[in-house]
Amino acid sequence: MGIADKTVYEETRRRAEEAAIAGLVSQYAGTLYRVAYSVLRNAADAEDAVQEAFVRVLRHRETLHEVRDQRVWLIRIVWNVVLDRKRRMKTRPETDDVAELARVLPVGGLSAEERVAAAQHHAHVLGCVEQLPAKEREVLMLSAFEELTSVEIASVLGISESSVRSRLFRARNLMAGLLDHARSMR
């Protein structure tokens, strides 16, 4: 292989890597944002976390072809970024803005009254999720909101699959209790 051939090969490989990473960004940016936002509760911080996750992907792009499940791998990266940010933000007060998340949930095709009722219901459910202990809340969010399997959640959180299942069981029972309590208060 001559120098010109090697240069063409390297340029082709670099462009293929860039296209693969651009594909990852377009395919998974929304998912990663939801994961980051579910923990950080701040749109700007969530966007920064997703951006930082993709910067980490760029730094390790030579191992991209070794990844079996890119979705889980990317969620794991953004999860670690988010946890790092949460540790650094301990000195700052949290801004758990459930109302913001409830505002952006889809309610298309409904009357104004139905939209208000749906927004109130969404806010109530998200408020109940926020009352869960952190470990149960993490597992429930990854399962219910991101639709990850127990195996995928175990990989993201670095825990056993049986721990995921037991935390998910506790989270669902706690949520049922919180929602039942709210219904009985009406």
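The values are calculated or read from the model by the stated rules, or taken from the named source; none is laboratory data. The model shown is predicted, which means the values in this text are computed figures rather than measured ones. Neighbour counts run over all protein chains shown; Cβ positions are idealised from the backbone, glycine included.
Values as computed for the structure displayed
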item	result
Scope the range 154-186; condition of a type in the set (Lys, Arg) and either touching a helix residue (DSSP H, G or I) at 6+ places or on another chain (Cβ under 9 Å) or buried (at least 18 other Cβ atoms within 10 Å of the Cβ) (or both); matching residues	165, 167, 170, 172
Every residue from the range 145-183 that is among the acidic types (Asp, Glu) and part of a helix (DSSP H, G or I)	152, 161, 180
Condition check for residue 129: of a type in the set (A, V, I, L, M, F, W, C), in the same structural domain as residue 178 (by TED's automatic domain parsing), at pLDDT 85 or above and in a helix (DSSP H, G or I)	yes
Selection status of residue 59, of a type in the set (Lys, Arg), over 19 Å from residue 138 (Cα atoms), free of Cβ contacts under 8 Å to residues at least 24 places away in the same chain and not assigned by TED's automatic domain parsing to the domain that holds residue 134	yes
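One line per residue, one yes/no per condition, for (1) surrounded by 17 or more Cβ atoms within 10 Å (Cβ to Cβ); (2) in the same structural domain as residue 135 (by TED's automatic domain parsing); (3) not charged (D, E, K, R):
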position: 26; (1), (2), (3): no, no, yes
position: 42; (1), (2), (3): yes, no, yes
position: 48; (1), (2), (3): no, no, no
position: 54; (1), (2), (3): yes, no, yes
